[in-house]
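Here is the structure we will look at.
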Amino acid sequence: MQLSTTAAVITGGASGLGEATARHFAEQGAQVTILDRDAERGASVAAEIGGHFAQTDVTDEGSVASAIALAKDRMGKITAAVNCAGIAIGAKTVGKDGPHPLDAFQRTIDINLIGTFNVSRLAAAEMAGNDPEPDGARGVIINTASIAAFDGQKGQAAYAASKGGVVGMTLPMARDLASTGIRVMAIAPGIFMTPMLAGLPEDVQQQLAADVPNPARLGDPREYGRLAGFIVEMGYLNGEVIRIDGALRMR
């Protein structure tokens, strides 16, 4: 697969890692459809990169099905799906206000894990109908995990559990879809300069950056986008999780 001939759906494409990925893919000649809840920002980014936009709730089956159908109609095919939509909350299992709110835990799982699988399965169903490339390839799915899946910090039970689920389903999904020529990969980012982190005080950002062994800085979302593009084009990568974290191990 080549980025120049890729037709990608990218969730969370209105900001952060998803936006950087959408911009990188478009710069390399790919067709891009952004799926995001933020209609104003999503449509704006899509217009800037010459792509398409579908307002989408990744946890809703009908919403995703409609978005996939729109993407297929506008682009003619879907050969890549990059799942970047997600949320992060901070709450201890038992905190000063009592036990972890169950609805907050459930919402995190719904968006980060179930939403990722919802988009992946429906995108894969479309990819399965593509004409195969000479090596049998019909598509690739790239899901976003996190290093929190491996060494989550205190207050990250919900987030780490959701990202651990993304890691856990990578290999079985790759095996499920192998016969159709669809690869499944996951990227586990460290601490990246996303809109959520950009809102923190400068001294806090510097402290977070100092914890990264090398290079001692926050990750650039464009680095995530380039890695996603590399995965699309590197056809022998399948069923694996790639950390991109500057060797950071959280404690």
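Observations on the structure shown:
- Taken over the range 152-207, the criterion of being touching a Pro at 6+ places or on another chain (Cβ under 7 Å) and among the aromatic types (Phe, Trp, Tyr) is satisfied by Phe192 alone.
- Condition met for Thr144 (over 21 Å from Lys92 (Cβ atoms), among the hydroxyl-bearing types (Ser, Thr, Tyr) and crowded, with 22+ Cβ neighbours inside 10 Å): yes
- Which listed residue is part of a helix (DSSP H, G or I) and either within 18 Å of the chain's Cα centre (by Cα) or of a type in the set (D, E, K, R) (or both), from Thr33, Thr59, Thr21: Thr21
- Among the conditions (1) surrounded by 14 or more Cβ atoms within 10 Å (Cβ to Cβ); (2) assigned to a helix (DSSP H, G or I); (3) small (Gly, Ala, Ser), Gly13 misses just one, which is (2).
- The single condition among (1) exposed (fewer than 14 other Cβ atoms within 10 Å of the Cβ); (2) touching a residue at least 40 places away in the same chain (Cβ under 8 Å); (3) more than 19 Å from Ile87 (Cα to Cα); (4) not acidic (Asp, Glu) that Met185 does not meet is (1).
- If you go through the range 34-48 and keep only what is surrounded by 21 or more Cβ atoms within 10 Å (Cβ to Cβ) and out of contact with any Phe, Trp or Tyr (no Cβ under 7 Å at 6 or more places or on another chain), you end up with Leu35, Asp36, Val45.
- In the range 23-33, of all residues being among the hydrophobic types (A, V, I, L, M, F, W, C) and within 19 Å of Ala69 (Cα to Cα), the one that is surrounded by the fewest Cβ atoms within 10 Å (Cβ to Cβ) corresponds to Ala30.
- Looking only at the range 22-59, residues that are among the β-branched types (Val, Ile, Thr) and farther than 23 Å from Met1 by Cβ come to 4 in all.
- Scanning the range 74-87 for residues that are in a loop (DSSP other than H, G, I, E, B) and buried (at least 16 other Cβ atoms within 10 Å of the Cβ), we see that the one that is nearest to the chain's Cα centre (by Cα) is Cys84.
- Selection over the range 193-222 of residues that are without any contact (Cβ under 8 Å) to a residue 60 or more places away in the chain, surrounded by 16 or more Cβ atoms within 10 Å (Cβ to Cβ) and either in a loop (DSSP other than H, G, I, E, B) or not hydrophobic (A, V, I, L, M, F, W, C) (or both) gives a count of 5.
- Remark: pairs (first residue in the range 226-248, under 13 Å from Pro189 (Cα atoms); second residue aromatic (Phe, Trp, Tyr) and part of a helix (DSSP H, G or I); Cβ separation under 7 Å; 6+ apart in sequence or on different chains) = Ile244/Tyr224.
- When the range 132-141 is filtered for residues that are more than 23 Å from the chain's Cα centre (by Cα), closer than 17 Å to Ser4 by Cα and free of Cβ contacts under 8 Å to residues at least 60 places away in the same chain, the ones remaining, listed by number, are Pro132, Pro134.
- In the range 60-105, of all residues being at pLDDT 95 or above and among the charged types (D, E, K, R), the one that is nearest to Ser4 (Cα to Cα) corresponds to Lys77.
- In the set (1) in contact (Cβ under 8 Å) with a residue 24 or more places away in the chain; (2) in contact with a helix residue (DSSP H, G or I) (Cβ under 9 Å, 6 or more places away or on another chain); (3) within 25 Å of Ser63 (Cα to Cα), the condition left unmet by Asp176 is number (1).
The values are calculated or read from the model by the stated rules, or taken from the named source; none is laboratory data. If you're wondering where the values come from, they're calculated on a predicted model, not measured in any experiment. Cβ coordinates were reconstructed from backbone atoms using ideal geometry, including for glycine residues, and neighbour counts include every protein chain displayed.
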